[in-house]
Amino acid sequence: MLKLGILWSHVVEVNLGAAMNKPLLIVGNKNYSSWSLRAWLMLKHASVDFEEMRVALQVPGYQLKLSYFSPSGKVPAYRDGELTVWDSLSIAEYLHESYPNLWPADRAARAIARSISAEMHSGFTALRSAMPMNIRGRGRHVATTPEIDADIARIRNIWRDLRTLYSGTGPWLFGDYCIADAMFAPVVFRFLTYRIFEEGVVDEYMKTVMRDPFMQEWVKASELEHEVLVLNEVGIA
Ligand SMILES: N[C@@H](CCC(=O)N[C@@H](CS)C(=O)NCC(=O)O)C(=O)O
């Protein structure tokens, strides 16, 4: 702790002090870090009382800072007492053990929610690499490829099918909010940034995601950030 206090700013020391009592989520830049957003949304929707610490990515010294908190050197990482859990999906499963409502109650729905969350975690690579999350970015255009189009079509089908099936039980993918909604939330930002327009229940779902007060809170924080990650600034006319 003391070592960190010397290396880090006063703000970090204060955060670490607080983190001794409360769980701590380490996140990256709010404007760009989609994996951080996913874990943060899960914690917020579970009403966990947690501290957060932002580590600006791709600036001098950031890897050293991250290495103190995240064995993988990536965000998000979640520190609960002496335990550190990293990687968004394992944070999700860890939270689920204390907050079981984070996955759907029904066993079959839970299996599907896990399937699409794992699909998000391991897939959609064409979309994710060509259209990085950039919340402040607007009116961007990236030429699509068959692979990007296939990713977009697959996401559209997932959202449409689930919103059709669960239309009577609530506005989220499985009616009530669950981890799958957090896993797909950054895609909504991407669709807005890169002007991918949707219709019907898919458009309604995107509006539901954007109305989420936690999403709005994250957007506001992203607007206050000053770092510009050049590699994530794509699609500028
Ligand atoms: N599979 C990981 C991915 C984590 C990841 O790639 N995070 C990015 C930020 S969104 C990161 O930490 N990048 C470190 C870097 O830019 O060096 C997860 O689900 O948490």
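The values are calculated or read from the model by the stated rules, or taken from the named source; none is laboratory data. Since we're looking at a predicted model, the values are computed, not measured. Backbone-built Cβ (ideal geometry, glycine too); neighbour counts: all protein chains shown. We work out accessible area using only protein heavy atoms, side chains counted, and drop any ligands, DNA or RNA first. Shrake-Rupley method; radii C 1.70, N 1.55, O 1.52, S 1.80 Å.
What do you reckon, is R79 in a strand (DSSP E or B), more than 11 Å from the ligand (Cβ to nearest atom) and either buried (at least 20 other Cβ atoms within 10 Å of the Cβ) or of a type outside the set (S, T, Y) (or both)? Criteria met by R79. Out of R154, R163, one residue alone is in a helix (DSSP H, G or I) and surrounded by fewer than 17 Cβ atoms within 10 Å (Cβ to Cβ). It is R154. Restricting attention to the range 172-220, the residues being of a type in the set (G, A, S), assigned to a helix (DSSP H, G or I) and surrounded by 18 or more Cβ atoms within 10 Å (Cβ to Cβ) number 3.
Checking L57, L41, L37, L66 one by one, the residue that is outside the structural domain of P132 (by TED's automatic domain parsing), away from the ligand (no atom under 12 Å from the Cβ) and surrounded by 19 or more Cβ atoms within 10 Å (Cβ to Cβ) is L41 and no other. Is it the case, given these coordinates, that P104 is open to solvent by 30 Å² or more (accessible area, probe 1.4 Å) and not aliphatic (A, V, I, L, M)? In short, no.
Residue under question is L95, and the condition is that it be within 16 Å of the ligand (Cβ to nearest atom), open to solvent by 50 Å² or more (accessible area, probe 1.4 Å) and among the hydrophobic types (A, V, I, L, M, F, W, C); does it hold? So L95 does not fit the description; no. Applying the selection to the range 107-125, what residues are among the β-branched types (V, I, T) and open to solvent by less than 50 Å² (accessible area, probe 1.4 Å)? Within the range 107-125, I116 is the sole residue that qualifies.
Based on what the data block shows, is T169 β-branched (V, I, T), open to solvent by less than 20 Å² (accessible area, probe 1.4 Å) and in contact with a Gly (Cβ under 6 Å, 6 or more places away or on another chain)? Here the answer is no, as T169 does not meet what is asked.
Residues in the range 92-105 that are in contact (Cβ under 8 Å) with a residue 12 or more places away in the chain and farther than 19 Å from R79 by Cβ: N101, W103, P104. The set of residues from the range 82-92 being away from the ligand (no atom under 12 Å from the Cβ) and out of contact with any Pro (no Cβ under 8 Å at 6 or more places or on another chain) comprises E82, L83. Among the residues of the range 107-134, those identified as outside any helix (DSSP H, G or I) and more than 11 Å from the ligand (Cβ to nearest atom) are G123, F124, M131, N134. Every condition in (1) surrounded by fewer than 17 Cβ atoms within 10 Å (Cβ to Cβ); (2) over 25 Å from V228 (Cα atoms); (3) of a type outside the set (F, W, Y) holds for G139 except the one numbered (2).
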